[in-house]
Amino acid sequence: MALYSDKVMDHFQNPRNVGKMEDADGIGEVGNAVCGDIMRMYIKVRDGIITDVKFITFGCGSAIASSSMATEMIKGKPIAEALELSNKAVAEALDGLPAHKLHCSVLAEEAVRAAVKDYYDKHGVAYDPAIFGCDSCAHGHDQAPGEA
Amino acid sequence: MYVYADNAATTALSPKALEAMLPYLQGEYGNASSLHSVGQRAAEALQKARDTVAEVIHADPKEIYFTGGGSEADNQAILSGAMAGARKGKKHLISTAFEHHAVLHTLKKLESQGFEVTLLDVHKNGVVSAEEVAAAIRPDTALVTIMFVNNEIGTIQPIGEIAKVCREKGVLFHTDAVQAVGHLPVDVQALGVDMLSMAAHKFHGPKGVGALYVRRGVPVVNVIEGGQQERGKRGGTENIAGIVGMAAALKEAVTDLEGHMAYVTGLREKLITGLTQIPHSCLNGDREKRVPGTVNLCFEGIEGEGLLLWLDAKGVAASSGSACTSGSLDPSHVLLALGLPHEIAHGSLRLSVDAWNTEEEVDHILQVVPEVVKYLRDMSPVWDELERGEATHLI
Ligand SMILES: Cc1ncc(COP(=O)(O)O)c(C=O)c1O
Ligand SMILES: [Zn+2]
């Protein structure tokens, strides 16, 4: 049995929207090198729509595939919809992830939110801070589901 | 080209070992404990295999106990040493921080049963010194257990010197030689060890078979209770085919051992020279004191699992001590024991070659690894920060 689904391997080996973005409207970075996974997501926003997304990721196959899938899932979508992206949806779109790898899809969800928050902050868009939860658990790696 | 460079994990079964095993998987199905001729032929094969293994490591056949692999041999050795000590009121055990889990977890279990464990520092180079062992020995020390060759980084420990110190102080000494036997000369008499573990699948024998050498006079405790097999010290009908395969593989591995060592060392040196040219990389473990075939490197700015998956796709089977590879949140305890920061330990790569590998295979590795490292660095936010001077290089 392979560790990863074909879909995960496809997104790992042919990551969509990979690379840096020079003129991003919002940039979100989550995770840390001590934990072993870091994702940085760049977004371009026009009239409340995410018109372009890019990512770079330091991490395992699952982290890279989740980043790639998350960018596909929010590209061309209104911000409000992007904020609803859940790690569960990312994992499902990848035809599942091994239980001990679910935390990597959590990072993808968090990277999207961090990028939107950065966009709001930089462009003076008012928002309810509660929608981004508390900062201290922004990377959530330690409390990741599936980790015993 | 697909290169198998993960021989420290396990090796391919040698055709000679397979050939030796086949009769015992087909017609010769006897139980070595049976009195009839079918059983006695199995008993004979078992004896011959025991003689071979004993001869290779310079032991007496009566000092060899076949086990179900390296882990079982480690468990049995440590439990035996601990119980022998406990009978005299000695409940202190000494080991190192970078042992295999078969050793560390057995020690942990004993700790929960009232033993005290001292784990020695392995330093930046992954080598302990006999002086440090001597300094750690107390009047109540029952056993010292230190691995011969570390499985992740390949460093060799001064086993002969440590054995001498232990003998002088009257303390039992066990060495987990799973990564050494078949790859380095191992002579239990010259070394002066009391117990030594080995596993067939690390030298082209079958999996699930190993042996424990126990010097005559050292009391052995059972891990598996049962019949009179292995002189009553390991119950269960013997795995004759596996044991015969182990002996055949060992004999083959040590035939021209020096020639093999020189050849494999050449391959390893080529790997080290080539791969340390990658900027911001480092070799883990002592440059000189290492087993011929094992190389462990760290590449800053990348994560090991991604590296392994790409290497596999490009035709190289290797391993890594990254957290994501192990399925835990921490990178390998071996790399952390060397004092490597987490960030660096995540980007580790272990390549383990042996006499079955070729120059061309090493060339393929040398071509593929730098490509993959570059690709992963180009998409790494950690590398980006380093490149832009927002973070400082650690290696
Ligand atoms: C140093 C060391 N000790 C013990 C073992 C365990 O051996 P086995 O897998 O045969 O139980 C291994 C290999 O996995 C090893 O490398
Ligand atoms: Zn991961």
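Readers should treat all values here as calculations from the given coordinates under stated rules, not as data from a laboratory. Only a predicted model underlies this, so the values are computations on that prediction, with no experimental measurement involved. For neighbour counting, all protein chains shown are included, and Cβ atoms are generated from backbone atoms with ideal geometry for every residue, glycine included.
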Query raised in the report: Given a Förster radius of 51 Å and the C-beta distance between B:E371 and B:K88 as r, what FRET efficiency does 1/(1 + (r/R0)^6) yield to the nearest 0.05?
Result: 0.30
Query raised in the report: Can you give the relative contact order of chain A as a percent, counting alpha carbon pairs under 8 Å and 6+ residues apart?
Result: 27
Report task. Report, as an integer, the average count of C-beta atoms from other chains found within 10 Å of each Cβ along A:35-45. Result -> 4
Query - Calculated FRET value between B:K62 and B:S37, using beta carbons and R₀ = 30 Å, to 0.05 - result: 0.75
**Report entry** Spin-label pair B:E55/B:L25, simplified geometry with 7 Å Cα→Cβ offset, distance in nm
**Finding:** 2.5
Query raised in the report: Taking other Cβ within 10 Å of each residue's Cβ, how do B:I365, B:I395 sort, fewest first?
Result: B:I395, B:I365
Requested in this report: Determine the sum of side-chain charges near B:T67: Lys and Arg each +1, Asp and Glu each -1, restricted to other residues whose C-beta is under 11 angstrom from that of B:T67.
Outcome: -2
Report task. Using only the alpha carbons of the stretch B:1-96, determine the length spanned along each of the three principal axes and report them from longest to shortest in whole angstroms. Result -> 51, 51, 22
Query raised in the report: Do the sum for chain B: with -39,500 (n - 2.57) for every DSSP H run of n ≥ 4, divided by all residues, what is the mean residue ellipticity at 222 nm, to the nearest 500 deg cm²/dmol?
Result: -13000 deg cm²/dmol
Query raised in the report: Using the alpha-carbon centroid of each, what span in Å lies between the stretch B:368-395 and the stretch A:39-87?
Result: 22
**Report entry** Cα-projected label distance for A:R46 with B:R287, points at 7 Å along beta-carbon direction, nm
**Finding:** 5.7
Query raised in the report: For B:L386, what is the net charge nearby, where nearby means another residue's Cβ is under 12 Å from its Cβ and Lys, Arg count +1, Asp, Glu -1?
Result: -4
Query - Antiparallel DSSP beta bridges within the stretch B:15-253, as percent of all bridges there, nearest 5 - result: 40
**Report entry** Distance between modelled label sites at B:K169 and B:L336, nm, 7 Å Cα→Cβ extension
**Finding:** 2.7
**Report entry** Charge dipole of the stretch A:1-113 about the Cα centre (unit charges at C-beta), most positive-ward option of A:I56, A:S68, A:A91
**Finding:** A:I56
Requested in this report: Using only Cα atoms, find the angle between the long axis of helix B:240-254 and the longest principal axis of chain B, and express it within 0 to 90 degrees, rounded to the nearest 10.
Outcome: 60
Query raised in the report: Which residue, chosen from B:A59, B:T175, B:S380, occupies the Cα position most advanced towards the positive end of the dipole of chain B, where the dipole is computed from +1 (Lys, Arg) and -1 (Asp, Glu) charges on Cβ about the Cα centre?
Result: B:A59
Report summary line: Given a Förster distance of 35 Å, the FRET efficiency implied by the Cβ-Cβ spacing of A:E81 and B:H393, rounded to the nearest 0.05, works out to 0.30
Report summary line: Taking a straight Cα-to-Cα line shorter than 17 Å from B:K289, and setting aside same-chain lysines fewer than 8 residues away, one finds B:K124, B:K270
Query raised in the report: Tell me, which longest segment in chain B has none of the chymotrypsin sites (Phe, Trp or Tyr not before Pro) that fall in DSSP loops with at most 15 further Cβ atoms within 10 Å?
Result: B:30-355
Report task. Note the angle between two axes, namely the Cα long axis of helix B:159-169 and the longest principal axis of the Cα atoms of chain B, as a number of degrees from 0 to 90, rounded to the nearest 10. Result -> 50
Query raised in the report: What range in chain B is the longest one free of trypsin sites (Lys or Arg not before Pro) that are in a loop by DSSP and have at most 11 other Cβ atoms within 10 angstrom?
Result: B:89-215
Report summary line: In degrees rounded to 10, the 0-90 angle between helix B:101-112 Cα long axis and the longest Cα principal axis of chain B is 70
Query - Difference of contour (0.36 nm per residue) and Cα-Cα distance, B:E258 to B:D187 - result: 24.1 nm
Requested in this report: Treating only the Cβ atoms of Lys and Arg (+1) and Asp and Glu (-1) as charged, compute the dipole magnitude of chain B about its Cα centre; round to the nearest 20 debye.
Outcome: 1540
Requested in this report: Could you work out the relative contact order of the stretch B:147-226, using alpha carbon pairs under 8 angstrom and six or more residues apart, expressed as a whole percent?
Outcome: 24
Report task. Determine which aspartates and glutamates satisfy two conditions relative to B:K169: a Cα distance under 17 Å, and not lying fewer than 8 residues away in the same chain. Result -> B:E131, B:E132, B:D140, B:E161, B:D194
Report summary line: Largest-first semi-axes in Å of the equivalent ellipsoid built from the Cα gyration tensor of the stretch B:37-138 are 33, 17, 13
Report task. Compute the Rg to Rh ratio over the stretch B:15-253 from the alpha carbon atoms, using the Kirkwood formula for Rh, and round to two decimal places. Result -> 0.98
Report summary line: With B:H92 itself left out, Lys, Arg at +1 and Asp, Glu at -1 over residues whose Cβ is under 13 Å from its Cβ give +2
Requested in this report: Identify all aspartates and glutamates with a Cα-Cα distance to B:K207 below 13 Å; exclude those on the same chain that are fewer than 8 residues away in sequence.
Outcome: B:E72
Report task. State the extension gain, in nm to one decimal, for the chain segment bounded by A:S5 and A:N32, taking 0.36 nm per residue of separation less the distance between their alpha-carbons. Result -> 7.1 nm
Requested in this report: Considering Cα pairs under 8 angstrom that are at least six residues apart, work out the relative contact order of the stretch B:51-156 and quote it in whole percent.
Outcome: 30
Query raised in the report: By count of other Cβ within 10 Å, fewest leading, how are B:L22, A:L94 ordered?
Result: B:L22, A:L94
Query raised in the report: In which sequence would B:T52, B:T67, B:T265 go, from the one with the fewest C-beta neighbours within 10 Å to the one with the most?
Result: B:T265, B:T52, B:T67
Query raised in the report: For the stretch A:6-129: lysine pairs with Cα atoms under 17 Å, gap of 8 or more or different chains, count?
Result: 16
Requested in this report: Between the alpha-carbon centers of the stretch B:171-205 and the stretch B:14-91, tell me the distance in whole angstrom.
Outcome: 14
Report summary line: Bridge orientation stat for the protein assembly as shown from DSSP, antiparallel percent rounded to 5, came to 65
